[in-house]
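Below is one structure, written out as structure tokens, with a few remarks after it.
The values are calculated or read from the model by the stated rules, or taken from the named source; none is laboratory data. Everything quoted here is computed from the prediction, not taken from an experiment. Here the Cβ positions follow ideal geometry from the backbone for every residue, glycine too, while neighbour counts run over all protein chains shown. The accessibility values were calculated without ligands, DNA or RNA, using every heavy atom of the protein model including side chains. Shrake-Rupley method; radii C 1.70, N 1.55, O 1.52, S 1.80 Å.
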Amino acid sequence: MRRFSGLVLRHRKLIVIAAVILSILSFFAMLVVEVDYDLASYLPESSPTAKALKVVGDDNPNLKFYIKDVSLDKALEIKHELSKADYVNGVLWLDDMYDIKNIPFETVPKDILSSWYSENGVLYMITIDPMHYAEGLKAIKALYPNSISGGNAANQAQIISVSTKEIAAIMPLILPIVLAILIVSTSNYFEPVLFLLAIGVAILLNEGSNIFFGKVSFITRASSAVLQLAVSIDYAVFLLHRFAEFRSKGMDNYKAMEEAIVQSASSIASSAMTTVFGFLALTVMEFELGKNMGFVLAKGVFLSYISVIVFLPAVAISCTKLLDKTAHRPFMPSFKKTSIWIVKHALPVAIVFLLLVMPAFLGQRANTFIYGSSGMHAPGSKIKQEEGEINRMFGESQSMMLLVPEGDLAKVQKLTKELKNIDNVSSIISYPKAVGLSVPVEMVPKDSLLSLRSSGYDRIIITASTNTEGKEAFKLVEDIRALSNKHYGDQYLLAGENVANLDMKTVITKDNLKVLLGGIIAIGIILLINFKSLSLPFVLLLVIEGAVWINLSLPYFQGIDLNYIGYQIISSVQLGATVDYAILLTRRYLEARKSMHSKDAAVFTLRATTGSILPPTFILTSAGYLLGFVSTNGVISQLGAILGRGAAMSALMTLILLPHLLIILDRLIKKTTKEGKEFL
């Protein structure tokens, strides 16, 4: 490592130039990285929905579009106009079920008509190209401004429109907060600028290098930069503190920085490694979003480590005069009285925390979860209000497309009749129902036939009066699948938003145990190697995993629905991002225990580490809550708020429960830890 540090310092100008060039290239690369807003696209290829979407393509209705003050006579003319709009692949209306060109509207059954026409307005089911949700909705809204919309396309368009603005707004808001926390927690006004510069370069490199993945999810894009800043800023703090320490001992700048790199590289690497493996636990998910987010976050932490070890020394050594001029007295308290109080009086609090772990584990498993896009908007948002208005007039409805092998129309007719008897199925469009068995396929215009037969499949469009997810919605999908399987075996395909949500639930819930065990085992092995102890990995994981469970159980006890994707991400991110707190405290305890008794060592450790644990905690908590406050996207907002609370919970458990566990288990730790032989 000494040779490496010497190499870094000798070529510091070249390193700075290279960092600037790479940052500029990364900035432009970042602008062309595709952002994926469709959660269903992350389902594994083996899932039923993924197989169905390959065949259905862009033809499944995804937008409910209601136009006010339209007469029935004008409805067909408007349908034709909508079908010609940019990025619109198809429009369904009443005429696809009844030949209203030749049959008077008065003869259409009222229960059928009311599904398409209510309060002097017309409801259309539109298919917008999934690659252009925002543009397609904008195009038809331009034609009919006096309209309201709902459904997956409207949800996705809103997410795209809002997320882009919010992503740009988050970093400028968090930076002043981080800067203020760093100024308070350090003894220099200019050091925080260097910290942010080093991590800022790493963030740019991470965002730009995502171009090699082809695309990132909108959740990854919105949260990765904030999380990377929050979890890795302490690497830079640690290095420059060591630099200042060696300078205070009389070393010249060059030698002090060389020694700082040598002495801190392994500690920073160890800290970074636990965070990296915590994030990589997400990559064991079969749901591809986990891989996307896990790899991006892990890559970001690795790049932060490289930036701190290579780029930061090259810049900092050239700024020593400015560092000296901007020194200030320490603002952080000594925590002497707090440390004594925790060791002497906080045991009951520690016991309460310990007793909460098991019910918290059960509580977080019992949460009510949201799996799809229905939880991405606040209840009072415009998109929710518009969909609520449509549901008030027409009832909740979902469109599904069932594809069965082409050819036997009598069999399709039989299936259609049986499907109509399933609870919550409100209408069905199929060849036998829309055209009739007496009309040969060759007689049907090609444009009309495409919506009923294509790619070797006969198509059955099912409209149901259910939400996008929940017991009723999922039972409906299971009933349709069971009936289709009875007639066609596994030769059928079914697509729809509620279908995708059920498949997401199936896939994601299977991932839970894998992610939990993956993170615990990976970090446990690192702790085992780090401490050379059989007992300490269990103690540290109990503390941090206990904090995770308490944090994630709160929505259950509050009666709040929790987005499952956010739940899965938090369970890994909180563990990987905050286990460093427990590592730092335990490491100092082991050092102090060589010359002090257990309680004295715990007091000393708390006094020495509280000032180091609180700043990254405040940063991660602030970043999380700010993400939760700024974002109107339900997944990102909830993820941020819970992560912010989780960081505070991890710090609280580390500073109160962990010292008491170390004291209580002192004999066990002494016998099962290599350094325990040196205990006083």
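Collect the residues in region 243-262 that are among the hydroxyl-bearing types (Ser, Thr, Tyr) and either more than 17 Å from Val308 (Cα to Cα) or without any contact (Cβ under 8 Å) to a residue 12 or more places away in the chain (or both), keeping them in residue-number order. Before the answer, list the steps.
Initially, region 243-262 is screened for residues among the hydroxyl-bearing types (Ser, Thr, Tyr), giving 248, 254.
Result: Ser248, single match.
Yes or no, residue by residue, for (1) more than 30 Å from Leu476 (Cβ to Cβ); (2) out of contact with any Pro (no Cβ under 7 Å at 6 or more places or on another chain):
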| position | (1), (2) |
| --- | --- |
| Ile508 | no, yes |
| Asp511 | no, yes |
| Leu516 | yes, yes |
| Ile526 | yes, yes |
| Leu534 | yes, yes |
| Pro537 | yes, yes |
| Ile550 | yes, yes |
| Leu554 | yes, yes |
| Leu562 | no, no |
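So, Ile544, is that one surrounded by fewer than 16 Cβ atoms within 10 Å (Cβ to Cβ) and more than 20 Å from the chain's Cα centre (by Cα) or not?
Taking the combined requirement at face value, the residue does not satisfy it.
Select, from Ser595, Ser572, the only residue that is in contact (Cβ under 8 Å) with a residue 60 or more places away in the chain, among the small types (Gly, Ala, Ser) and over 18 Å from Ala272 (Cα atoms).
Numbers: Ser572 fails: over 18 Å from Ala272 (Cα atoms).
Going through Ser595, Ser572 in turn, the sole match is Ser595.
Evaluate the following for Arg221: is it on the phi < 0 side of the Ramachandran plot, among the basic types (Lys, Arg) and under 19 Å from the mean Cα position of the chain (by Cα)? Break it down into steps so the answer makes sense when it comes.
On the way: on the phi < 0 side of the Ramachandran plot: yes; among the basic types (Lys, Arg): yes; under 19 Å from the mean Cα position of the chain (by Cα): yes.
In short, yes.
Conditions tested, residue by residue: (1) outside any helix (DSSP H, G or I); (2) modelled with pLDDT of 90 or more.
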residue: Glu469; (1), (2): yes, no
residue: Ala473; (1), (2): no, no
residue: Leu476; (1), (2): no, yes
residue: Ile480; (1), (2): no, yes
residue: Asn485; (1), (2): no, yes
residue: Asn501; (1), (2): no, no
residue: Pro537; (1), (2): no, yes
residue: Ile565; (1), (2): no, no
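Given the options Lys670, Lys677, Lys599, name the one that is in contact with a Gly (Cβ under 6 Å, 6 or more places away or on another chain), assigned to a helix (DSSP H, G or I) and open to solvent by 30 Å² or more (accessible area, probe 1.4 Å). First the steps, then the outcome.
Values: Lys677 fails: in contact with a Gly (Cβ under 6 Å, 6 or more places away or on another chain); Lys599 fails: in contact with a Gly (Cβ under 6 Å, 6 or more places away or on another chain).
Only one candidate qualifies: Lys670.
Taking region 598-628 only, how many residues are closer than 17 Å to Ala230 by Cα and either without any contact (Cβ under 8 Å) to a residue 12 or more places away in the chain or of a type in the set (Gly, Ala, Ser) (or both)?
6
Check Glu207 against each of (1) under 27 Å from Phe331 (Cα atoms); (2) of a type in the set (Asp, Glu); (3) within 19 Å of the chain's Cα centre (by Cα) and name the one condition it does not meet.
Condition not satisfied by Glu207: (1).
What residue, of Lys13, Lys51, is of a type outside the set (Asp, Glu), open to solvent by 90 Å² or more (accessible area, probe 1.4 Å), under 17 Å from Leu403 (Cβ atoms) and over 21 Å from the mean Cα position of the chain (by Cα)? Working first, answer last.
Details: Lys13 fails: under 17 Å from Leu403 (Cβ atoms).
Going through Lys13, Lys51 in turn, just one is of a type outside the set (Asp, Glu), open to solvent by 90 Å² or more (accessible area, probe 1.4 Å), under 17 Å from Leu403 (Cβ atoms) and over 21 Å from the mean Cα position of the chain (by Cα): Lys51.
Do you know which residues across region 656-665 are in contact (Cβ under 8 Å) with a residue 12 or more places away in the chain and either in contact with a Pro (Cβ under 8 Å, 6 or more places away or on another chain) or open to solvent by 20 Å² or more (accessible area, probe 1.4 Å) (or both)?
Narrowing region 656-665 to residues in contact (Cβ under 8 Å) with a residue 12 or more places away in the chain: 656-663, 665.
Ile656, Ile663, Leu665 - these are the residues of region 656-665 that are in contact (Cβ under 8 Å) with a residue 12 or more places away in the chain and either in contact with a Pro (Cβ under 8 Å, 6 or more places away or on another chain) or open to solvent by 20 Å² or more (accessible area, probe 1.4 Å) (or both).
Which of the residues belonging to region 469-481 are surrounded by fewer than 23 Cβ atoms within 10 Å (Cβ to Cβ), over 16 Å from Leu415 (Cβ atoms) and either touching a residue at least 60 places away in the same chain (Cβ under 8 Å) or among the basic types (Lys, Arg) (or both)?
Hits for region 469-481 are Lys471, Lys475.
Kindly provide the set of residues from region 526-537 that are touching a residue at least 12 places away in the same chain (Cβ under 8 Å) and not polar (S, T, N, Q), ordered by number. Spell out the reasoning first.
The first filter runs over region 526-537 and keeps only residues touching a residue at least 12 places away in the same chain (Cβ under 8 Å), leaving 526-527, 530-537.
Listed by number, the residues that qualify are Ile526, Leu527, Phe531, Lys532, Leu534, Leu536, Pro537.
In region 252-281, how many residues are buried (at least 22 other Cβ atoms within 10 Å of the Cβ), closer than 27 Å to Ile569 by Cβ and among the small types (Gly, Ala, Ser)?
4
Looking at (1) open to solvent by 20 Å² or more (accessible area, probe 1.4 Å); (2) more than 29 Å from Val349 (Cα to Cα); (3) of a type outside the set (Phe, Trp, Tyr), which is the one condition that is false for Leu534?
Exception for Leu534: condition (2).
Inspect region 118-138 for any residue being of a type in the set (D, E, K, R), at pLDDT 80 or above, open to solvent by 30 Å² or more (accessible area, probe 1.4 Å) and farther than 29 Å from Tyr371 by Cβ and give the result as yes or no.
For region 118-138, residues of a type in the set (D, E, K, R), at pLDDT 80 or above, open to solvent by 30 Å² or more (accessible area, probe 1.4 Å) and farther than 29 Å from Tyr371 by Cβ: present.
Could you identify the single residue in Val284, Val301, Val315 that is of a type outside the set (Gly, Ala, Ser) and crowded, with 24+ Cβ neighbours inside 10 Å?
Numbers: Val284 fails: crowded, with 24+ Cβ neighbours inside 10 Å; Val315 fails: crowded, with 24+ Cβ neighbours inside 10 Å.
Just one listed residue meets the conditions, Val301.
Restricting to region 199-220, give me the number of residues that are buried (at least 21 other Cβ atoms within 10 Å of the Cβ) and either under 17 Å from Ile24 (Cβ atoms) or modelled with pLDDT of 95 or more (or both).
Taking region 199-220 first, the residues buried (at least 21 other Cβ atoms within 10 Å of the Cβ) are 199, 201-208, 210, 216-220.
Right, trim to either under 17 Å from Ile24 (Cβ atoms) or modelled with pLDDT of 95 or more (or both) and you get 201-208, 210.
Here the count works out to 9.
What about Asp38, is it acidic (Asp, Glu) and open to solvent by 70 Å² or more (accessible area, probe 1.4 Å)?
Numbers: acidic (Asp, Glu): yes; open to solvent by 70 Å² or more (accessible area, probe 1.4 Å): no.
The answer is no for Asp38.
Only one of these conditions is not met by Pro176: (1) modelled with pLDDT under 85; (2) open to solvent by 50 Å² or more (accessible area, probe 1.4 Å). Which number is it?
(1)
Tell me, which helices (runs of 4 or more DSSP H) lie completely within region 1-119 with 2 or more residues that are within 27 Å of Ala139 (Cβ to Cβ)?
On the way: elements: 2-10, 12-32, 48-56, 72-83, 110-113.
Where helices (runs of 4 or more DSSP H) fall fully within region 1-119 and carry at least 2 residues being within 27 Å of Ala139 (Cβ to Cβ), they are 12-32, 48-56, 72-83.
Report yes if some residue within region 146-161 is at positive phi and assigned to a loop (DSSP other than H, G, I, E, B); otherwise report no.
Yes: one or more hits.
Hey, can you tell me all the residues within region 312-340 that are more than 30 Å from His660 (Cβ to Cβ), aliphatic (A, V, I, L, M) and under 37 Å from the mean Cα position of the chain (by Cα)?
In the first step, residues of region 312-340 are kept if they are more than 30 Å from His660 (Cβ to Cβ); the result is 312-329.
Applying the additional criterion that residues be aliphatic (A, V, I, L, M) yields 312, 314-317, 322-323, 327.
Within region 312-340, Leu312, Ala314, Val315, Ala316 meet the criteria.
Quick check on my filter: what residues within region 126-145 are part of a helix (DSSP H, G or I) and β-branched (Val, Ile, Thr)?
Initially, region 126-145 is screened for residues part of a helix (DSSP H, G or I), giving 130-143.
Passing the criteria: only Ile140.
Restricted to region 179-198, and to residues that are of a type in the set (Val, Ile, Thr) and over 22 Å from Ala272 (Cα atoms), which residue is surrounded by the most Cβ atoms within 10 Å (Cβ to Cβ)?
Initial filter on region 179-198 (of a type in the set (Val, Ile, Thr)): 181, 183-184, 186, 193.
Now restrict to residues that are over 22 Å from Ala272 (Cα atoms): 183-184.
Details: Ile183: 18, Val184: 14.
Looking at the filtered set, the residue picked out is Ile183.
Run down Thr632, Thr610 and say which single residue is among the hydroxyl-bearing types (Ser, Thr, Tyr) and open to solvent by less than 30 Å² (accessible area, probe 1.4 Å).
Unique residue meeting the criteria: Thr610.
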